[in-house]
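Below is one structure; the comments refer to it alone.
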Amino acid sequence: MRIIVAGGDGFCGWPTALYLSRKGHDVAIIDNLARRKWDIELRSNSLTPIASLQERVEAWKRLTGKTIRTFIGDLTHYDFLCEVMRQVQPDAFVHFAEQRSAPYSMIDREHAVFTQVNNIVGTLNVAYAIRELAPDCHLIKLGTMGEYGQPNIDIEEGYIEIEHNGRKDVLPYPKQPGSFYHLSKVHDSHNLMFISKIWGLRVTDLNQGVVYGLHTDETLMDPVLINRLDYDAVFGTALNRFIIQAAIGHELTVYGKGGQTRGFLNITDTVRCIEISAEHPADRGEFRVFNQFTEEFSVLDLAEKVKRVAEQEGYMVNIANIENPRIEKESHYYNAKNTKLQELGLEPNLLTDDVIRGIFRSVLEHKDRVILDNVMPTVKWG
């Protein structure tokens, strides 16, 4: 297939582009390189030194003989997007190109407005471009499990059957997003569900859990292909932060009680989920939702796992409960369904001690790159 990966220079997009290319698909990347600029803005960095996008795709061609086309530009610039669509004529459009950090969206008014405009307008532009220039193209849109929030009932995959006053209907699952970023994802979902219905587009909404890991088979082929690893309190996930803190002898900082529970999946499963979605496209006019995660853990669960592995590696660390900068439930029920992707062939890679150990040892190789001021939270919701 001809596949566009928007956000193909990012943490999920880069290994996805390589994986799809290696599988024989004709891959093109769209990226505005904003993620690299945000490192400069936040005085942060990827723990792993990453090459430029040009160096990356040149190395990939040298190693495999496969060409990945790159288009540098912004999805909010509609003329640019349309020109890419004309040149590529994609069968599938994988949309990772959004500002993905909840803390970044909560810094101040400007960051909240930017997040919502960038994410919602960019996605609307993609939908319009598909309608006008590639109406049979399948839009594979990265959503988030954070759209659901922390309800006191089971989380279904996108829809829920409701009985009210003696009548039944299947309705979109209620959304309780926890940040301006998560709100932007909810707005995307509503827009795309509406657009699918009125235009007959094919849309798969992947409500992804928290992604962990660093390497895929493709990124391990050459140091130039290595993926980024975020560890700061704005873009770094809890697991990454704990592993980096353990490596530098810092206490593992659990927000509040640590009972906040989420869905998680390995980066190798992320790329496989995209492949599965592309190989089994939504029908015309269908807006389908897959919950894309493989396991559930609390923040405290993660801290205890990292502590155990670090101590096995000879690093003694403590767990510290600190004031939670977020406004969220710290102890709650959480049971989310995630069967649809596995029914289509996903075989989960689980978070074992060996997986954590592999990330930990990779971190040790680059721990001199850690900027110490960035391992503690600075953005507060209140």
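Ignoring ligands and nucleic acids, what accessible area does Arg2 show with a 1.4 Å probe (Å², nearest 10)?
90 Å²
How high is the relative contact order of the chain, in percent, counting Cα pairs under 8 Å that sit 6 or more residues apart?
The normalised contact order for the chain reaches 20 percent.
Under Stokes-Einstein, with the Kirkwood radius over Cα pairs standing in for Rh, what whole-number D in µm²/s applies to the chain at 20 °C and 1.002 mPa s?
Using the Kirkwood radius from Cα pairs, D works out to 101 µm²/s.
Give the ranking of Met106, Met221 by solvent-accessible surface, highest area first, calculated with a 1.4 Å probe.
Final ranking, largest accessible area leading: Met221, Met106.
Keeping every protein chain present and rolling a 1.4 Å probe, give me the accessible area per residue for the chain in Å².
Heavy-atom SASA per residue in the chain reads 42 Å².
What part of the accessible area of segment 155-290, given as a whole %, is carbon or sulfur when the probe is 1.4 angstrom?
Carbon and sulfur atoms account for 52 percent of the accessible area of segment 155-290.
If I model a spin label as a point 7 Å beyond the Cα along the Cα-Cβ vector, how far apart are those points for Ala59 and Arg2 in nm?
With each label point 7 Å from Cα toward Cβ, the separation is 2.9 nm.
Of the options Asn318, Gly345, His332, report the single residue whose Cα projects farthest towards the positive end of the charge dipole of segment 301-345 (beta-carbon charges: Lys, Arg +1; Asp, Glu -1).
Gly345
Find the relative contact order for segment 191-241 and round it to a whole percent, using C-alpha pairs within less than 8 Å whose residues are 6+ positions apart.
22 percent.
Considering every Cα-Cα pair within segment 279-382, what fraction, in whole percent, is farther apart than 24 Å?
Tail of the P(r) past 24 Å holds 49 percent of the pairs.
Go through segment 135-210 and name the chymotrypsin sites (Phe, Trp or Tyr not before Pro) that are in a DSSP coil and have 16 or fewer other Cβ atoms within 10 Å of their Cβ.
Of the chymotrypsin sites (Phe, Trp or Tyr not before Pro), not one in the loops of segment 135-210 has a Cβ with at most 16 other Cβ atoms within 10 Å.
With charges only on Cβ, +1 for K and R and -1 for D and E, what is the dipole size of segment 291-371 about its Cα centre, in debye, rounded to 20?
140 debye
Hey, in the GNM for the chain with a 10 angstrom Cα cutoff, which one of Leu81, Leu42, Leu214 fluctuates hardest?
Result for the chain, Cα springs under 10 Å: Leu42 fluctuates most.
Set the bar at 21 Å for Cα to Cα. Now go through Lys305/Lys337; Lys337/Lys380; Lys23/Lys66; Lys141/Lys197; Lys175/Lys329; Lys257/Lys367 and name every pair that lies beyond it.
From Lys305/Lys337; Lys337/Lys380; Lys23/Lys66; Lys141/Lys197; Lys175/Lys329; Lys257/Lys367, over 21 Å: Lys305/Lys337; Lys337/Lys380; Lys257/Lys367.
Just tell me, in residue order, which DSSP H segments of the chain are both 27 angstrom or longer along the helix axis (alpha-carbon based) and at least -0.5 in mean Kyte-Doolittle hydropathy.
Counting only whole DSSP H runs, the qualifying helices are 180-199.
For Leu33 and Gln312, FRET efficiency with R0 = 41 Å and r from the beta-carbon atoms, rounded to 0.05?
0.60
In percent, how large is the relative contact order of segment 1-98, given Cα pairs closer than 8 Å and 6 or more residues apart?
Relative contact order here is 43 percent.
Which order do the peptides 255-268, 92-105 take when ranked by the mean count of other beta-carbon atoms within 10 Å per residue, highest first?
My ranking of the peptides, most packed first, is 92-105, 255-268.
Taking the mean number of other Cβ atoms within 10 Å as a proxy for protection, how do you rank 330-342, 127-139, 231-243 from highest to lowest?
Most protected by this proxy first, the peptides run 231-243, 127-139, 330-342.
For Glu296 and Lys197, compute 0.36 nm times the residue count separating them, minus their Cα-Cα distance, and round to one decimal in nm.
Here the answer is 32.4 nm.
Which FRET efficiency value, to the nearest 0.05, is calculated for Asp373 and Val113 with the Förster distance at 25 angstrom and r the Cβ-Cβ distance?
The computed FRET efficiency comes out at 0.40.
Using just the C-alpha positions of segment 129-181 as equal point scatterers, what log10 of I(q)/I(0) does the Debye formula give at each q in 0.22, 0.30, 0.31 1/Å?
Relative scattering, expressed as log10 I(q)/I(0), comes to -0.89, -1.15, -1.19.
How large is the helix-only mean residue ellipticity at 222 nm for the chain, computed as the sum of -39500 (n - 2.57) over DSSP H runs with n ≥ 4, divided by its residue count, in deg cm²/dmol to the nearest 500?
Taken over the chain, the calculation gives -11000 deg cm²/dmol.
Tell me, what % of the accessible area of segment 18-148 is carbon and sulfur with a 1.4 angstrom probe?
Looking at segment 18-148 in its full context, I get 52 percent from C and S.
Please build a GNM for the chain, connecting alpha carbons under 10 Å apart, and tell me which residue among Gln89, Gln150, Gln292 fluctuates the most.
Maximum among the listed residues: Gln89.
The values are calculated or read from the model by the stated rules, or taken from the named source; none is laboratory data. All values reported here derive from a predicted model rather than from experimental measurement. Note that each Cβ is placed from the backbone with ideal geometry, even for glycine, and that neighbours are counted across all protein chains shown. Ligands, DNA and RNA are excluded from the accessible area calculation, which covers all protein heavy atoms including side chains. Shrake-Rupley method; radii C 1.70, N 1.55, O 1.52, S 1.80 Å.
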